[in-house]
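Visitor: Let me give you the structure first, and then I'll get to my questions.
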Amino acid sequence: MTTTPASPASPASPASPSAAAAGTFLLGGELPVSRMGFGAMKLPSRDWDGPACDPEQSLRVLRRAVELGVDHIDTAWFYFFRDVSANGLIRRALHPYRDELVIATKIGPGRDPEGGWLDPADRDALRAAVHRNLRELGVDHLDLVYLRRMPSQSSIAEPFAALVELREEGLIRHLGVSNVTADQLAEAEAQAPVVAVQNKFSVLDRTANQDRLLADCTERGIAFVPFFPLGGTGVPDHPALRRVAERHGATRAQVMVAWLLTVSPSVLAIPGTSSPAHLEENIAAAALRLEAADLAELEKLTATA
Ligand SMILES: NC(=O)c1ccc[n+]([C@@H]2O[C@H](COP(=O)([O-])OP(=O)(O)OC[C@H]3O[C@@H](n4cnc5c(N)ncnc54)[C@H](OP(=O)(O)O)[C@@H]3O)[C@@H](O)[C@H]2O)c1
């Protein structure tokens, strides 16, 4: 089994929210993480071209996340705005890291210092990106590195081979892939074990292909880590989400997170925020237990979304 049972149901706003209420997943069958994690992309700025977030507040969010039991933080070297990077904030807030903290990072896109996007990284650029992640995070190896496929890449065989080399050199513990189809996942798995798939997925953003990929990952013990779990740019306002939220005295964001945690024991939630209040709210969703009637209502929403 890849999961341990979560604690019994409790209110959506407990006095002290705890990521542990979401239960645990074993990455690669050996590295435990709480299923309630944190996404660091929005810590430097609200969007790629700003405005900047308050770095002191972002540091507080990171420290509080870990206090509340988050032990899985998702980042990337290319999450930066001007001279503030997500990796740099993580290091400032949390280094030296607790043994149990798993930091997952990504390589794949190219980005110039001004923030402009470049062609997908070639082998040398991928190697340089891994070394940049190591340097910025202040670690001698990376727990989990995703190859983030760019839209222009139909095959990931060649760039994934660069990651496999880096893993063989001891710089990476586990490999993942992001923004991939089932065929691209298979290309990667032909070369080395893949422990996590990070694709866009939420109750309002779901396709038959993603459902199949999720089912396949679940069956084979691969973590499925949805990006944009709250829609990416602000929590959508939908009557069904509102109704379910009202029934539980919860918020729409909490229902979206709780839904993800319900759809499969292999889903790891990584909602992102630079707001301390939203962080507490999102982590409290680990204890929100949706019922059959809620799921049926949300299922209809998906079918018509
Ligand atoms: N692999 C990929 O290609 C890829 C792409 C995108 C993202 N990611 C990863 O996925 C993580 C999650 O995605 P994301 O952060 O972009 O989007 P998200 O988690 O879907 O949503 C974040 C947005 O929702 C707002 N928000 C968060 N909690 C809220 C709450 N309780 N109530 C109201 N608004 C709330 C945030 O604003 P506030 O700051 O004001 O709370 C922010 O604007 C990222 O941090 C990143 O690690 C990966």
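The values are calculated or read from the model by the stated rules, or taken from the named source; none is laboratory data. Being a predicted model, the structure only gives us computed values, none of them experimental. Heads up, the Cβs are rebuilt from the backbone with ideal geometry, glycines too, and the neighbour counts pull from every protein chain shown. These accessible areas exclude ligands, DNA and RNA; they are computed on the full protein's heavy atoms, side chains included. Shrake-Rupley method; radii C 1.70, N 1.55, O 1.52, S 1.80 Å.
Visitor: Going by alpha carbons, how many degrees (0 to 90, nearest 10) lie between the helix axis of 123-137 and the longest principal axis of the chain?
Guide: 60 degrees
Visitor: Accessible area of His278, 1.4 Å probe, to the nearest 10 Å²?
Guide: For His278, the solvent-accessible surface is approximately 100 Å².
Visitor: Okay, next question. Determine how large the accessible area of Thr181 is when every protein chain is in place; take a 1.4 Å probe and give Å² rounded to the nearest 10.
Guide: Estimated to the nearest 10 Å², Thr181 gives 70 Å².
Visitor: Hey, can you find the accessible area per residue of the chain for me, probe 1.4 Å, expressed in square angstrom?
Guide: Each residue of the chain exposes 43 Å² on average to a 1.4 Å probe.
Visitor: Antiparallel versus total DSSP beta bridges in the stretch 38-174: what percent is that, nearest 5?
Guide: Of those bridges, close to 30 percent are antiparallel.
Visitor: Can you give the angle from 0 to 90° between the axis of helix 208-219 and the longest principal axis of the chain, with both taken from C-alpha atoms, to the nearest 10?
Guide: Helix 208-219 sits roughly 80 degrees off the main axis of the chain.
Visitor: Hey, another quick one. Based on the mean of other Cβ atoms within 10 Å per residue, sort peptides 219-225, 149-155 so the most packed one is first.
Guide: 219-225, 149-155
Visitor: For the stretch 3-304, what is the percent of antiparallel DSSP beta bridges, rounded to the nearest 5?
Guide: Of the beta bridges lying entirely in the stretch 3-304, close to 35 percent run antiparallel.
Visitor: Taking the Cα centre of the stretch 219-305 as origin and charging only Cβ (+1 Lys, Arg; -1 Asp, Glu), how large is the dipole, in debye to the nearest 20?
Guide: That gives the stretch 219-305 a dipole magnitude of about 60 debye.
Visitor: Something else about it: At a 1.4 Å probe radius, which order do Lys200, Lys106, Lys300, Lys42 fall into by accessible area, largest first?
Guide: Ranked from most to least accessible, the order is Lys300, Lys200, Lys42, Lys106.
Visitor: At 1.4 Å probe size, with the rest of the protein present, what percent of the exposed accessible area of the chain is carbon and sulfur atoms?
Guide: Carbon and sulfur atoms account for 52 percent of the accessible area of the chain.
Visitor: Now for a separate question. Dipole magnitude of the chain about its Cα centre, charges +1 at Lys/Arg Cβ and -1 at Asp/Glu Cβ only, in debye to the nearest 20?
Guide: Value, rounded to 20: 560 debye.
Visitor: Order Ser178, Ser16 by their accessible area, 1.4 angstrom probe, all chains in place, largest first.
Guide: Putting Ser178, Ser16 in descending order of accessible area: Ser16, Ser178.
Visitor: Peptides 282-292, 118-128, 165-175, 84-94: what's the order by average Cβ count within 10 Å, highest mean first?
Guide: Put in order of decreasing packing, that is 282-292, 84-94, 165-175, 118-128.
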